[in-house]
Amino acid sequence: MKNSYQNILQAKASTKKLLAILLDPDKLDLDMVEVLVPKINQSPATHVLVGGSSFKGTHLDEIIIALKNKISVPIVLFPGNPSQISAKADAILFLMLLSGRNPDYLVEHQINAVPILEKTDLEIISTGYILIESGCETAVERVSQTKPLPRNNIDYVAQTAKAGELIGNKLMYLEAGSGAQNAVPLEIITAVSNRISVPLLVGGGIRSKVGIENAFAAGADMVVIGTAFENDINFFDF
């Protein structure tokens, strides 16, 4: 599956909404994958993202192979650093942490990833990543040593997203963070959606079908569900 980005663009053009399940490899083993696969196949998910803020294991390839053997949707890497790159996936979100000013997450990790990526056939999708204040310190904030953008500064968030698009990011990802107390405000989703032309992903703190529908209505092209599914594998049994 080497047309992941084109498929996302086509979905946006036709106003088809996309849903991704985010799996953290640091919390998965192969036995757990076997349990999750039927639930993923029964869900409305159009993509599976694999990644997290940190990863200490050595079984990323095995997890992705196990997923690809049992599901048909694209497997897209969502890496916190170059150690989370696997040639077994279909694509990778090549992330730039636009909300922070830590050079490691703006460019250093990307530079270090190049020799690894050059040895793969991964579809590389440049993605602007914007962390929004969510009511608690999230893993992204802790690991990246950056602060999220304030929830009440809507225009600045939208301006940041537009800057990312002008830099060349092909996707924009608004993130409240894993385990967020509060999801990205709908007003921010709408403001960013109206300001940019590239597809908009939204994740973090969304815990219900209503939350998903509200994010879509506000302007998200893809909603990402992570912790809610992680805590309840029956989440999509609406």
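Things worth noting here:
- Complete set of residues in segment 160-182 that are acidic (D, E) and in contact (Cβ under 8 Å) with a residue 40 or more places away in the chain: E175
- Considered as a group, the residues in segment 141-159 that are touching a residue at least 40 places away in the same chain (Cβ under 8 Å), open to solvent by 20 Å² or more (accessible area, probe 1.4 Å) and outside any loop (DSSP other than H, G, I, E, B) include one that is nearest to D104 (Cα to Cα), and that residue is V143.
- Segment 160-170, residues that are open to solvent by less than 10 Å² (accessible area, probe 1.4 Å) and not in a helix (DSSP H, G or I): N169
The rows are residues; the columns are (1) closer than 26 Å to P82 by Cα; (2) over 18 Å from the mean Cα position of the chain (by Cα).
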position	(1), (2)
R151	no, yes
Q181	no, no
V192	no, no
L200	yes, no
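- Condition check for F235 on (1) open to solvent by 50 Å² or more (accessible area, probe 1.4 Å); (2) within 15 Å of A45 (Cβ to Cβ): one failure, at (1).
- Contacts under 7 angstrom Cβ, first residue in segment 8-23 being within 8 Å of D221 (Cα to Cα), partner in a loop (DSSP other than H, G, I, E, B) and not charged (D, E, K, R), 6 or more apart: K12/P199; L18/T46
- Any pair with Cβ under 9 angstrom, 6 or more apart, that starts in segment 216-237 at a residue that is on the phi > 0 side of the Ramachandran plot and ends at one that is open to solvent by less than 20 Å² (accessible area, probe 1.4 Å): G219/I189; G219/V192; G219/L200; G219/V202
- Some residue of segment 181-203 being at pLDDT below 95 and touching a Cys at 6+ places or on another chain (Cβ under 7 Å): yes
- Selection status of Y105, hydroxyl-bearing (S, T, Y) and under 18 Å from L77 (Cα atoms): yes
- Of all residues in segment 8-18, those satisfying the criterion of being part of a helix (DSSP H, G or I) and open to solvent by less than 80 Å² (accessible area, probe 1.4 Å) are I8, L9, A11, K12.
- Total residues in segment 132-162, condition out of contact with any strand residue (DSSP E or B) (no Cβ under 8 Å at 6 or more places or on another chain), of a type in the set (A, V, I, L, M) and closer than 14 Å to L174 by Cα: 2
- Among (1) modelled with pLDDT under 95; (2) assigned to a strand (DSSP E or B) - the single one Y173 does not satisfy: (1)
- If the condition is being of a type in the set (S, T, N, Q) and not in a helix (DSSP H, G or I), then segment 182-199 contributes N182, S197.
- One residue stands out among those in segment 217-229 that are assigned to a helix (DSSP H, G or I) and in contact with a helix residue (DSSP H, G or I) (Cβ under 9 Å, 6 or more places away or on another chain): the one that is most open to solvent (accessible area, probe 1.4 Å), which is A217.
- Unique match (being crowded, with 22+ Cβ neighbours inside 10 Å, outside any helix (DSSP H, G or I) and at positive phi) among G179, G205: G205
The values are calculated or read from the model by the stated rules, or taken from the named source; none is laboratory data. Computed from a predicted model, the values in this text were never measured in an experiment. Neighbour counts are summed over all protein chains in view; Cβ atoms, including those assigned to glycine, are modelled from backbone coordinates with ideal geometry. Just so you know, the surface numbers come from the protein's heavy atoms only, side chains and all, with ligands and any DNA or RNA stripped out. Shrake-Rupley method; radii C 1.70, N 1.55, O 1.52, S 1.80 Å.
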